[in-house]
Each structure stands twice: as structure tokens, then as C-alpha cells.
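The values are calculated or read from the model by the stated rules, or taken from the named source; none is laboratory data. Every value quoted in this text rests on a predicted model; they were computed, and no experiment measured them. Here the Cβ is made from the backbone with ideal geometry for all residues, glycine too, and neighbour counts use every protein chain on show.
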Amino acid sequence: MSLRLSRSLWMKLVATAVAAVAFVLVYERVMMDSRTARIESASATEAPSPGRSVQFEVTAYCKGEITASGVRVRPGIAASDPDLLPAGSIVRIEDVPEAYEGIYSILDTGPEVQGRELDIYIWSCFEALDFGRRKAVVTVLRLGWDPKDSVH
């Protein structure tokens, strides 16, 4: 077969076309990921469970120096309602501008952060204002400080 393929231009074209179609089919296949996962629809005050994707309202803040956990503020830190996501929780935020998507540690609280709301720290107050209030998909990776309450 390989000898026949190397001599015939027609066979080379057919083999190339078949390989290109196979590549496109495999490349375009939609894989299950966190963007297509089922989003939990529980009450606004019910604690989400690790591994579940949940709809949240996300805002941004830029003021302050020390979080409620005693850590200096920096990107990657978020504030939440401690009854819903206690300090030490780790979440992944998606469906926000790409610069702000990612993994956040819940190390702060705020009097305005109630229920399914997160407030992410952004160094620039101009960027924080531009961020506004957005709906986002939040996946809880760890709930609180206990490593046993995490996604394996």
C-alpha cells in the first residue's frame, strides 16, 4: 500500500483529504468541561458543594490593605458571604472578561457581599469600576480550609 501511495498523486490527494477531514472532526468535537457543566440552581443562601458550578453575581473592589483573614490584598483574592463560602474556600470564576477568569481564594468578607455574590480584588480602581456587576459561573474547588472538602 505504501508503495502505491508514494507513486500515485491521486492516492496522495485522497489520503491528505481523508486526514484533513478526520483532523477537523476530532478538533471540532465538543468536550465536556466546566463551561458546559450543569449549573446548580439552589437558593441564594444555600452553600454550594465542591465540584458544582453555580451562578453568582461578581463585582470588584480595589480599596483596603488587609483582608478579613489577615492577609494583604492582592489579585486572586475574593470576598464572599462567609455563611455561603467560608474563608479558605477556593473557587474558579468563569464567564467574565478573560483577564479576570481563574482561581480565587476566598480570604475576605464585606458588609455588601451577601448570598451568591463575590467581590474580587483588582488593584486598579478604574478597572474595578469598569468591571461593574456581572453574572458568572463559579465552581467551588474547596469549601473552607479543610482539604477533605475539595474536589478530587
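Residues that are under 14 Å from TYR61 (Cβ atoms) and not hydroxyl-bearing (Ser, Thr, Tyr) within region 86-120 comprise ILE106, LEU107, ASP108, GLY110, PRO111, GLU112, VAL113, GLU117, LEU118, ASP119, ILE120, listed in sequence order. Restricting region 73-108 to residues that are among the polar types (S, T, N, Q) and either in a strand (DSSP E or B) or modelled with pLDDT under 90 (or both) leaves a set whose member that is farthest from GLN55 (Cα to Cα) is SER105.
Scanning region 109-136 for residues that are part of a loop (DSSP other than H, G, I, E, B) and of a type outside the set (Asp, Glu) returns THR109, GLY110, PRO111, VAL113, GLN114, GLY115, ARG116, ILE122, TRP123, SER124, GLY132, ARG133. Scanning region 48-79 for residues that are under 16 Å from the mean Cα position of the chain (by Cα) and either over 22 Å from GLU127 (Cα atoms) or not hydrophobic (A, V, I, L, M, F, W, C) (or both) returns PRO48, SER49, PRO50, GLY51, ARG52, SER53, VAL54, GLN55, GLU57, THR59, PRO75, GLY76.
All but one of (1) closer than 18 Å to ARG142 by Cα; (2) in contact with a strand residue (DSSP E or B) (Cβ under 8 Å, 6 or more places away or on another chain); (3) acidic (Asp, Glu) hold for GLU57; state the number of the condition that does not hold. It is condition (1) that GLU57 fails.
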